[in-house]
1. Residues that are within 16 Å of the ligand (Cβ to nearest atom) and either on the phi > 0 side of the Ramachandran plot or not aromatic (Phe, Trp, Tyr) (or both), at least 1 per element: which strands (runs of 3 or more DSSP E) completely within the range 1-102 meet that?
2. Please go through (1) crowded, with 20+ Cβ neighbours inside 10 Å; (2) farther than 17 Å from ILE111 by Cα; (3) among the polar types (S, T, N, Q) for SER45 and return the number of the only condition it doesn't satisfy.
3. What number of residues in the range 38-85 are more than 21 Å from the chain's Cα centre (by Cα), modelled with pLDDT under 95 and of a type in the set (Val, Ile, Thr)?
4. Here are the criteria: (1) more than 16 Å from the ligand (Cβ to nearest atom); (2) open to solvent by 70 Å² or more (accessible area, probe 1.4 Å). Tell me which single one ILE284 does not satisfy.
5. ALA262: among the small types (Gly, Ala, Ser) and either within 13 Å of the ligand (Cβ to nearest atom) or open to solvent by less than 30 Å² (accessible area, probe 1.4 Å) (or both), yes or no?
6. Given THR92, THR68, which one is of a type in the set (S, T, N, Q), open to solvent by 20 Å² or more (accessible area, probe 1.4 Å) and more than 26 Å from ARG286 (Cα to Cα)?
7. Check the range 306-320 and report whether any residue there is free of Cβ contacts under 8 Å to residues at least 24 places away in the same chain and of a type in the set (A, V, I, L, M, F, W, C).
Amino acid sequence: MHLLINTGGGDAPGLNAVIRAVTLGALNRGWRVTGIRYGYEGLRSGDPDGLIPLDRDRVRGIAHLGGTILGAINKGNPFEYPVRRGEEVVLTDVSEEVLARFRAVGGDALIAVGGDGSLRIAQRFCDLGLPVVGVPKTIDNDLDGTLFTFGFDTAVSVATEAIGRLHTTAESHRRVMVVEVMGRDAGWIALHAGIAGGADVILIPEIPFDIGTVAGKIQAREAQGRGFSIVVVAEGAMPHDGDRAIRAHEAGRDVQLGGMGAQVAEQIQALTGKETRTTVLGHIQRGGTPSAFDRVLALRFGAAAVHLVAQGLFGHMVGYQPPDMVPVPIRDAVARLRRVPLESGTVRTARTLGICLGD
Ligand code: F6P
């Protein structure tokens, strides 16, 4: 059995742990493993350096490292590949080239480690006859069929630590601190980090907010002698009478979100008269060493993915449904975005704690 593995889309802490577990799991069965560099790019390009044979030495001491030894890319969808023609960028289907090279290198199965975008691509390859097993990766935690994706816990820990640091300076200066966190159209990072970090306001995409309500909460705290406030804003949050803040449009990929934190801060300052500052955590949430929880989760995902290949369960992704790892059809996992349920226990906890959710 010759296994190929790639890490598609944006990176997330824990990718290297998955690569290690897949490699050791496969080698221990007497299989061969090859890593594809930069998503499908290493296969498509035909570049000999695009494929890396993975052996014990190559995956030694990498489980605790952030990033991915295979490289990541989020503009490399082979079904809509951006090809420059003169001044224009034309989205072109190059999937046949990828399939042909997969066969040429003697691939028997592909382990695709990715978020919703990368797993949608994996499903399309599966429909074309490529045997694929998926592993759910994203700091956003927005994939269905798994309670957690790896990377999420690390992102929440980083954001929580940042909120803690903002607390002390906010209190010293009696300021409002707005912190914008990632998560795309799901509010998992904002909600979990906000609760863990003791935020006063948490704005998530699932609950369109009223800026007057947010300002009211800050003024109420002021009246109680609490001269500072912490406001956590998910990058995909939106006012009930407006839209998401889009930073940029790029060919061949989703829009880039960003800027809602600054918008909210400006309005808070105008409505309350309080000095307000914004911090955008950005890619700090994605970089660096994975938390212990993410390492264990990623190693479990990698080991389980090898088991799915051994069982011939192609077209499935490993799902974490505690206490078990279960096969979930990739099609189901990507059918809808897993957003924060409004009636969830975590949302109720935030409300019980008196945290304002902007509604
Ligand atoms: O999906 C992971 C994620 O980090 C999102 O939270 C964020 O919106 C996006 O990727 C950022 O993408 P890029 O790395 O391309 O800026």
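The values are calculated or read from the model by the stated rules, or taken from the named source; none is laboratory data. Treat the numbers as computed from the prediction; the structure is a model and nothing was measured. No Cβ is skipped: glycine too gets one built from the backbone with ideal geometry, and neighbour counts run over all protein chains shown. All accessible areas refer to the heavy atoms of the entire protein, side chains included, with ligands and DNA or RNA removed. Shrake-Rupley method; radii C 1.70, N 1.55, O 1.52, S 1.80 Å.
1. 2-7, 81-85
2. For SER45, the exception is condition (1).
3. 1
4. Among (1) more than 16 Å from the ligand (Cβ to nearest atom); (2) open to solvent by 70 Å² or more (accessible area, probe 1.4 Å), ILE284 violates only (1).
5. Working: among the small types (Gly, Ala, Ser): yes; either within 13 Å of the ligand (Cβ to nearest atom) or open to solvent by less than 30 Å² (accessible area, probe 1.4 Å) (or both): no.
Here the answer is no, as ALA262 does not meet what is asked.
6. So the residue among THR92, THR68 that is of a type in the set (S, T, N, Q), open to solvent by 20 Å² or more (accessible area, probe 1.4 Å) and more than 26 Å from ARG286 (Cα to Cα) is THR92.
7. Scanning the range 306-320, I find no residue that is free of Cβ contacts under 8 Å to residues at least 24 places away in the same chain and of a type in the set (A, V, I, L, M, F, W, C), so the answer is no.
For every residue, the table says whether it meets (1) in contact with a strand residue (DSSP E or B) (Cβ under 6 Å, 6 or more places away or on another chain); (2) at pLDDT 95 or above; (3) not charged (D, E, K, R).
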position	(1), (2), (3)
LEU143	yes, yes, yes
THR146	yes, yes, yes
SER157	no, yes, yes
THR160	no, yes, yes
LEU166	yes, yes, yes
VAL179	yes, yes, yes
ASP185	no, yes, no
GLU222	no, yes, no
